[in-house]
Each structure stands twice: as structure tokens, then as C-alpha cells.
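Note sheet for the following structure.
The values are calculated or read from the model by the stated rules, or taken from the named source; none is laboratory data. This structure is a prediction, so every number in the text was calculated from the model and none was measured. Virtual Cβ from ideal backbone geometry, glycine too; neighbours counted across all protein chains shown.
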Amino acid sequence: MSDTKQENGGSQTNADNDFPKHASTTEHTMQLPGGPLAYKAVAEWISLRKIHKPVAHLFHTAYIAEPQEGTRPLTFVFNGGPGAASAYLHMGALGPQRVAFGRMGSLPQPPTQVVDNHESWLSFTDLVFIDPVGTGFSRALQEPGADKKTEGGKDKSGETVPEENPEFWEIEKDLDALGEFICRFLSRYHRWTSPLFIAGESYGGFRVARMARRLQEKHGVGLCGAMMISPAIELDALLDSDYNLTYWVELFPSLVAAAHHHGRTENLGNDDMQHQAEAFANNELVRWLTQGEALLAEERASIVGRMSALTGLSATVLARAGGRISATLFCRELLRDERRLCGRYDASVTTVDPFPDRNDYEGPDPTLFSIDRLFTSAINHHLRTNLNVETELDYRLLSMQVNEAWKDKSKRHFFDRQIGAMDDLRYGMSLNGHMKVSITHGRFDLITPYFGSQRLTKLMKLTDEQQANLTCRNFDGGHMFYSWDESRIEFHAEMRQFYQSALPGDGDT
């Protein structure tokens with residue numbers, strides 16, 4: 001990547017707040033297999049307002065190909081958490097530069113390496129990476145007129161210290177903020193008539209499903225496509241309990257995929273193994289989970305034996321768990337004889353168990369928090385060095401403060417069902433019969449298992465025309481399957497075709 005020009009905007013601080021909002025615009029050229037691509041990078045804050053007063057500043061990084069030829073697609077991208085910045089998709093898969101992983105997603109030795117991303121989506125769409133409030137460099141402000149002398153808590157010396165405004169750490173306010181940001185961006189850069197797409201990962205997939213309706217119905221933003229990457233769509237399905245069936249059924253095929261990857265299952269091909277795992281989950285496993293101790297001992301023993309062959313876990317462990325194999329249990333037990341633990345976000349990745357003789361696992365998970373060092377270094381290097389962003393703010397890659405404070409204020413009663421987003425996706429697809437939807441997963445992801453989306457899409461009651469607009473695809477790897485070189489390459493090719501199918505053709509009206 002080569003820089004040819006850089007501009008820093010002046011401070012936009014106003015009387016209402018003292019927030020650093022220095023915009024940075026740089027020009028670059030990246031070398032792609034099809035030739036060089038010139039683009040402009042804009043890293044700046046856009047203010048969210050309440051009755052004309054700024055209440056929050058959302059940081060974003062936009063990549064715009066130059067010169068603009070025709071009506072180029074524009075994609076808004078965010079991650080999930082809640083509490084995650086957009087750096088994972090930004091520096092992992094979609095942006096012009098990315099973190100260097102091992103070929104199959106393994107963690108490389110420090111220091112972090114940032115390399116040109118030949119699979120960047122910038123080759124077929126302009127990109128805007130949004131950091132939701134409380135993540136990245138995005139912050140919420142005090143309410144106008146608030147008493148700054150009394151707002152906040154006390155430090156150890158008894159001095160009053162300011163606290164961040166948690167107003168946006170809530171489902172509906174978060175969606176409102178994203179919608180307002182997108183409208184402001186479209187107006188600022190005159191992109192209202194561009195083909196528009198949204199993409200989100202994990203809880204960001206939940207956001208995409210909700211925004212597929214909300215953007216079009218509330219903000220008048222028509223979408224050509226919506227992409228959900230390792231999505232959490234119906235949140236109740238992700239909760240395990242002795243009385244819940246869906247969690248255990250949806251997780252099981254991913255357990256089998258991971259066990260097969262580590263050579264702990266029968267010697268079958270990947271496709272045959274996954275077909276058998278899915279069929280077992282939908283039949284024998286459901287039968288056991290539904291009937292419990294009422295199931296005849298002989299049949300239960302037969303199911304345990306088959307389950308052991310598929311998962312690589314001992315019959316003793318399976319029988320004791322009653323067939324309910326959690327991600328935590330599986331990750332600890334599968335390679336216990338090698339003194340290794342599998343990662344929950346990518347069960348193909350392992351680490352040494354530092355305390356093998358203790359009942360509870362007390363070592364690190366080799367995924368998510370273990371990769372924070374890579375993404376934290378990469379995004380700070382890229383923004384502060386390549387894009388010349390000047391701010392003393394810390395870049396919050398994953399804020400547990402935001403995550404733990406997240407609320408659902410729309411829940412009116414104790415008996416209201418757990419929040420979900422599939423109804424909004426179905427509504428959005430009916431609202432706009434042209435909108436394409438893509439759902440992608442990693443086979444070894446134990447956090448948002450692929451079988452969950454596979455089950456949910458079968459319950460959407462789509463017409464044949466709507467079904468043709470929905471694609472589901474699974475890749476080798478985990479929650480961030482794009483950390484695998486082969487999967488990232490396949491994902492890029494898949495999405496290029498997806499965009500081509502979602503753009504209006506010559507005969508469309």
C-alpha cells in the first residue's frame with residue numbers, strides 16, 4: 001500500500017463538548033491480481049444529535065475507490081459483541097490491509113504483521129467500517145446541560161470522575177444510532193442512489209437482520225443486499241439449559257466437525273460426516289433430549305455409543321451429561337489425553353492446558369481473547385500510522401463494560417420471550433423483494449453454530465422467489481473463518497458473485 005496524499009481536518013470541537021474530532025483523509029493504491037486500485041481512505045467521526053445537540057460521536061473508516069466509475073456499491077460494516085469494534089472484519093477479511101494469521105487460522109509469533117489484503121472487498125464495493133458507541137474511538141457524550149462537576153463516580157482519593165453515558169448500550173438505541181449514522185453518511189457523501197449493502201458479524205448479524213427491516217421502513221434506505229457472518233439471530237437458541245433442546249441440537253454437528261478435524265471420529269469424508277452428524281442431531285439426539293430418563297436403557301445405550309463414535313468423547317462422559325454436550329465440556333475433554341484445550345470460537349485451534357489436574361479449566365481460551373493482541377496492534381498501527389488518525393483516545397477493540405451493561409428496554413414483562421431478529425429479516429425480505437441475503441458460518445464455530453442458521457432458514461416460510469434470494473454457505477474455520485487462507489479466498493469469491501447477483505441488471509426496472 002502506498003500513500004500519495006494526506007490531509008488532516010481541523011478540530012471540530014464546539015461549545016457543547018470537548019471531544020477530539022480530527023478527520024483524516026489519505027490516498028492510496030493497492031495492488032490486486034487484476035491490477036492496481038486507487039482509493040481514498042477517510043477516518044473521522046460523525047455526530048449523532050438529539051434536538052440539534054450532539055450526544056455521541058461515531059468513529060468510522062471509509063474506503064472509496066477513485067475515480068468513481070458508474071454507480072459503485074457501498075457497504076456498511078459492523079461487528080457484534082455487543083461491545084466489539086469493527087476491527088475484526090476491518091483487519092481480518094474485508095479491508096485493504098489485514099492481520100497475518102497462520103494458513104489455517106493459527107496464531108503467529110509476535111510481533112503482529114499487517115499485510116496487503118488481496119481478498120479485500122474493496123475490489124467490488126466501497127466500504128464503511130462503523131464502530132458502535134463505546135467501541136473503537138466512538139464515545140457517547142454527557143447530556144447537554146448536565147452538571148459535569150457532579151456527574152460520575154469517585155476515585156480512590158474521593159475525587160469525582162466522569163462516567164461514560166451508557167444510553168446507547170441498549171438494543172433499540174444501538175439500532176437507532178446505526179440508522180442515523182448511515183443516513184448522515186449518505187447525505188454527507190451524496191451516496192443515496194448508490195447500491196447499498198450492510199454486513200455484520202456475530203451480534204452484528206443480529207443487527208443486520210433487524211436493520212434489514214428498520215433501514216428500509218424507518219429511514220427510507222433501500223438495500224440491495226444484507227450479509228450475516230457467523231450470526232447470532234435468535235438469541236434464545238444460544239442459551240443452554242436442561243430444558244432447552246435447540247442449543248444442544250444446533251451445536252452437535254459443529255462438535256462432530258471439530259472432532260473429525262482432530263482425527264477423533266470415524267474415518268469418513270467431511271461431507272459424509274456432517275450429513276451423519278446433522279441426521280443424528282435431528283433424530284436420535286432429539287429423541288433422547290426429549291424423553292430423558294423415560295427412554296429405554298437399551299436405546300439410550302445405543303445412542304450413547306453412536307454419539308461417542310461421532311464426537312470422539314467417551315461413553316462415560318456422554319452418559320453423565322445426559323447427551324447435553326456443552327462447548328465448554330467438549331473443548332476440555334476432546335484432547336484431554338494430549339493435555340490440550342480446543343477454542344470455543346474455533347475448535348480447530350488448541351492450546352496447552354496449564355492446570356490439567358484441576359477440575360475446572362483455568363487456562364486461556366486460544367480464540368477471541370488470545371487473538372486480541374493481533375487485532376489491537378493491527379488496528380492501532382493501521383489507523384495511527386497508515387491513515388494518520390491523531391487522537392489520544394484508546395481504541396476499544398472489545399469493551400466488556402459495554403457488553404455487561406447491554407440492555408433490552410423493549411422487554412415489557414418478565415414473560416416476554418427472548419429477543420430475536422428472524423421476524424425482522426422475514427419482514428425486510430417481504431418489504432423489498434429484490435434484496436439478497438447471505439448467511440455464512442465456520443464449521444468449527446461453537447459460539448454461533450452453523451446448524452442454527454440452517455434450522456432457522458427452514459422455518460422462514462419463504463416463497464420460491466424469496467428462497468432464491470437467500471444463500472447459506474459454510475467454510476472451514478471458526479467464528480472468524482476468514483482467518484483461514486483458503487476460506488478467506490473462497491469467501492471473497494463467493495461474495496463477489498453475491499454482489500453481482502444483487503446489482504440491478506440491464507433488464508431490471
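Which of the residues spanning the range 395-426 are surrounded by 12 or more Cβ atoms within 10 Å (Cβ to Cβ), part of a loop (DSSP other than H, G, I, E, B) and at pLDDT 70 or above?
Step one: list which residues in the range 395-426 are surrounded by 12 or more Cβ atoms within 10 Å (Cβ to Cβ), which gives 395-399, 401-403, 405-408, 411, 418-426.
Next, from what is left, pick out any that are part of a loop (DSSP other than H, G, I, E, B): 395, 397, 399, 406, 408, 411, 418-419, 421.
Once the filter is applied, which keeps residues that are surrounded by 12 or more Cβ atoms within 10 Å (Cβ to Cβ), part of a loop (DSSP other than H, G, I, E, B) and at pLDDT 70 or above, the range 395-426 yields Tyr395, Leu397, Ser399, Trp406, Asp408, Ile419, Ala421.
Does any residue in the range 43-63 that is modelled with pLDDT under 90 come within less than 6 Å, Cβ to Cβ, of a residue that is part of a strand (DSSP E or B) and of a type in the set (S, T, N, Q) six or more places away or on a different chain, and which pairs are these?
Pro54/Ser47
With the requirement that a residue be surrounded by 16 or more Cβ atoms within 10 Å (Cβ to Cβ) and assigned to a loop (DSSP other than H, G, I, E, B), what does the range 23-54 give you?
Scanning the range 23-54 gives a single hit, Ala23.
So in the range 281-321, with the set limited to residues that are surrounded by 15 or more Cβ atoms within 10 Å (Cβ to Cβ) and over 22 Å from His260 (Cα atoms), which one is farthest from the chain's Cα centre (by Cα)?
Among them, the one singled out is Leu295.
Looking at Phe375, Phe369, can you tell me which residue is among the aromatic types (Phe, Trp, Tyr) and crowded, with 18+ Cβ neighbours inside 10 Å? Walk me through it before giving the result.
Numbers: Phe369 fails: crowded, with 18+ Cβ neighbours inside 10 Å.
When all the criteria are applied, what remains is Phe375.
Give the range 464-484 a look and list any residue that's in a helix (DSSP H, G or I) and either closer than 15 Å to Trp121 by Cα or hydroxyl-bearing (Ser, Thr, Tyr) (or both), or say none. Step through it out loud before you land on a result.
Within the range 464-484, the first condition is being in a helix (DSSP H, G or I), and the residues that meet it are 464-467, 481-483.
Tyr482, Ser483 - these are the residues of the range 464-484 that are in a helix (DSSP H, G or I) and either closer than 15 Å to Trp121 by Cα or hydroxyl-bearing (Ser, Thr, Tyr) (or both).
Yes or no: Thr351 out of contact with any helix residue (DSSP H, G or I) (no Cβ under 9 Å at 6 or more places or on another chain), within 30 Å of Arg103 (Cα to Cα) and either of a type outside the set (D, E, K, R) or in a strand (DSSP E or B) (or both)? It would help to see each step written out before you state the result.
Working: out of contact with any helix residue (DSSP H, G or I) (no Cβ under 9 Å at 6 or more places or on another chain): no; within 30 Å of Arg103 (Cα to Cα): yes; either of a type outside the set (D, E, K, R) or in a strand (DSSP E or B) (or both): yes.
So Thr351 fails the test.
Outside any loop (DSSP other than H, G, I, E, B), within 16 Å of Pro54 (Cβ to Cβ) and modelled with pLDDT of 95 or more: does that describe Phe181? Walk me through how you get there before you give the answer.
On the way: outside any loop (DSSP other than H, G, I, E, B): yes; within 16 Å of Pro54 (Cβ to Cβ): yes; modelled with pLDDT of 95 or more: yes.
The answer is yes for Phe181.
Among the residues of the range 1-22, is there at least one that is modelled with pLDDT of 90 or more, hydrophobic (A, V, I, L, M, F, W, C) and part of a loop (DSSP other than H, G, I, E, B)?
Taking the range 1-22 and keeping what is modelled with pLDDT of 90 or more, we get none.
For the range 1-22, residues modelled with pLDDT of 90 or more, hydrophobic (A, V, I, L, M, F, W, C) and part of a loop (DSSP other than H, G, I, E, B): absent.
Is it true that Glu69 is in the same structural domain as Thr193 (by TED's automatic domain parsing), modelled with pLDDT of 85 or more and out of contact with any helix residue (DSSP H, G or I) (no Cβ under 8 Å at 6 or more places or on another chain)?
No.
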